[in-house]
Amino acid sequence: MSIGSIAVLTSGGDSQGMNAAVRAVVRSALFHGLEVFAVQRGYYGLINDDIRAMDLRSVGDIIQRGGTVLQTARCLEFHEREGQEKAAANLRKRGIDGLVVIGGDGSYQGANKLDKLGIRTMGLPGTIDNDIPFTDVTIGFDTAVSIVVDAVNKLRDTMTSHERSSVVEVMGRHCGDIALNAGVASGAETILVPEVPFDLDEVASRMKVNFDHGKRHSIILVAEGVGHGQTISEEIYRRNGIEPRVTVLGHIQRGGTPTHNDRILASRLGDFAVRCLIDGASGKACGVIKNELVATDFDKVVGTKKPFNMDLYNLALRLSQ
């Protein structure tokens with residue numbers, strides 16, 4: 001079945017590069033002669049028919065901007081069948097043949113439900129957590145890691161000057177990829193992630209041994225899924241008498257201009273999603289594996305946990321001695 005028009009929305013937590021992805025979807029669709037629409041505020045806007053036509057000017061000067069110009073919002077109504085059917089009806093009413101959803105796992109689950117209601121859908125992995133399977137990297141991850149590395153570099157300067165240690169809490173409730181990659185890139189002495197059990201007695205003991213041998217500072221990177229950074233600091237102090245200062249980077253990791261890697265990734269995936277819809281594909285998540293563009297069924301993606309990179313984690317252990 002041919003396709004004449006598509007819509008695009010961003011959903012869930014924002015990530016740097018979402019705007020580049022929106023731009024790519026709109027411009028690629030227009031290049032192929034399609035009508036393009038944007039949905040404001042994700043699935044909330046889809047249910048409430050907050051949909052507008054897009055042209056080339058609509059996405060001018062956004063490739064370098066963080067966040068999402070389409071905005072995002074929670075929508076409990078969409079969790080119910082009635083809400084999903086209302087969203088699908090709004091798309092049909094406007095004659096929209098396909099939908100590109102940019103977001104994480106929850107956004108994919110929503111797109112999968114619309115696909116099963118007969119709406120042709122494609123998903124783009126927009127999340128800083130890098131927790132979407134069947135893609136090597138997600139849109140926003142590279143920028144988030146760069147922000148953490150920059151922060152740790154600055155912290156190390158002052159920690160060295162004052163001979164102190166620092167606990168840095170970063171995002172990652174269920175996935176420790178930000179902590180792991182930023183930790184390796186910044187030379188952190190300890191990396192705590194939810195995927196790997198750890199022993200705070202061992203962490204505290206190793207820190208004390210290092211201090212006894214003249215090392216006067218260290219960086220401990222903590223993924224938020226492990227626990228609060230303040231709690232980790234207090235437990236270390238209770239064990240070895242060394243009190244690390246705590247920095248919680250929080251939502252600053254989601255902001256800022258996307259790196260060139262995220263802009264290129266988003267551009268490739270956005271164009272790919274449009275071409276997949278034109279070719280008749282639906283119900284699939286777009287990704288990049290070994291630099292090759294791939295499309296994987298939503299049912300497979302939402303039911304699979306992304307494997308943790310133990311090779312990189314073990315490298316961090318070897319280099320932190």
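Scan segment 20-72 residue by residue and report those that are β-branched (V, I, T), within 19 Å of N261 (Cα to Cα) and in contact with an Asp or Glu (Cβ under 7 Å, 6 or more places away or on another chain).
Within segment 20-72, just T68 meets the criteria.
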Pairs with Cβ under 8 Å, 6+ apart, first in segment 75-95 and part of a loop (DSSP other than H, G, I, E, B), second hydroxyl-bearing (S, T, Y) | C75/Y43; C75/Y44; R94/S5; G95/S5
Index of the failed condition, R65 passing every other in (1) within 28 Å of T304 (Cβ to Cβ); (2) at pLDDT 95 or above; (3) part of a loop (DSSP other than H, G, I, E, B) = (1)
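Would you confirm, using the coordinates I've provided, whether D279 is farther than 30 Å from S218 by Cα and not polar (S, T, N, Q)? Before the answer, list the steps.
Working: farther than 30 Å from S218 by Cα: yes; not polar (S, T, N, Q): yes.
So D279 passes the test.
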Filtering segment 217-246 for residues that are among the charged types (D, E, K, R), surrounded by fewer than 18 Cβ atoms within 10 Å (Cβ to Cβ) and either modelled with pLDDT of 95 or more or over 12 Å from S165 (Cβ atoms) (or both) leaves a count of 4
Report yes if some residue within segment 82-97 is polar (S, T, N, Q), at pLDDT 95 or above and surrounded by 24 or more Cβ atoms within 10 Å (Cβ to Cβ); otherwise report no.
-> no
Taking only segment 51-62 into account, find how many residues are surrounded by fewer than 17 Cβ atoms within 10 Å (Cβ to Cβ), of a type in the set (A, V, I, L, M, F, W, C) and part of a strand (DSSP E or B).
-> 1
Is it the case that some residue within segment 247-270 is out of contact with any Leu (no Cβ under 7 Å at 6 or more places or on another chain), surrounded by fewer than 20 Cβ atoms within 10 Å (Cβ to Cβ) and assigned to a strand (DSSP E or B)?
-> yes
What pairs come up if the first residue lies in segment 298-321 and is in a helix (DSSP H, G or I), the second is surrounded by 17 or more Cβ atoms within 10 Å (Cβ to Cβ) and of a type in the set (D, E), and their beta carbons are under 6 Å apart, counting only those six or more places apart or on different chains?
-> none
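Surrounded by fewer than 21 Cβ atoms within 10 Å (Cβ to Cβ) and touching a Lys or Arg at 6+ places or on another chain (Cβ under 9 Å), is that true of G214?
For G214, the condition - surrounded by fewer than 21 Cβ atoms within 10 Å (Cβ to Cβ) and touching a Lys or Arg at 6+ places or on another chain (Cβ under 9 Å) - is not met.
I'm trying to understand the selection: among the residues of segment 137-193, which are of a type in the set (V, I, T), assigned to a helix (DSSP H, G or I) and either in contact (Cβ under 8 Å) with a residue 12 or more places away in the chain or under 22 Å from K305 (Cα atoms) (or both)?
T143, V145, I147, V148, V149, V152, T160, I178, V184 - these are the residues of segment 137-193 that are of a type in the set (V, I, T), assigned to a helix (DSSP H, G or I) and either in contact (Cβ under 8 Å) with a residue 12 or more places away in the chain or under 22 Å from K305 (Cα atoms) (or both).
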Which ones in segment 98-120 are surrounded by 20 or more Cβ atoms within 10 Å (Cβ to Cβ) and assigned to a loop (DSSP other than H, G, I, E, B)?
-> G104, I119
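The values are calculated or read from the model by the stated rules, or taken from the named source; none is laboratory data. This one's a predicted model, so the numbers in the text were calculated from it and none came from an experiment. Cβ coordinates were reconstructed from backbone atoms using ideal geometry, including for glycine residues, and neighbour counts include every protein chain displayed.
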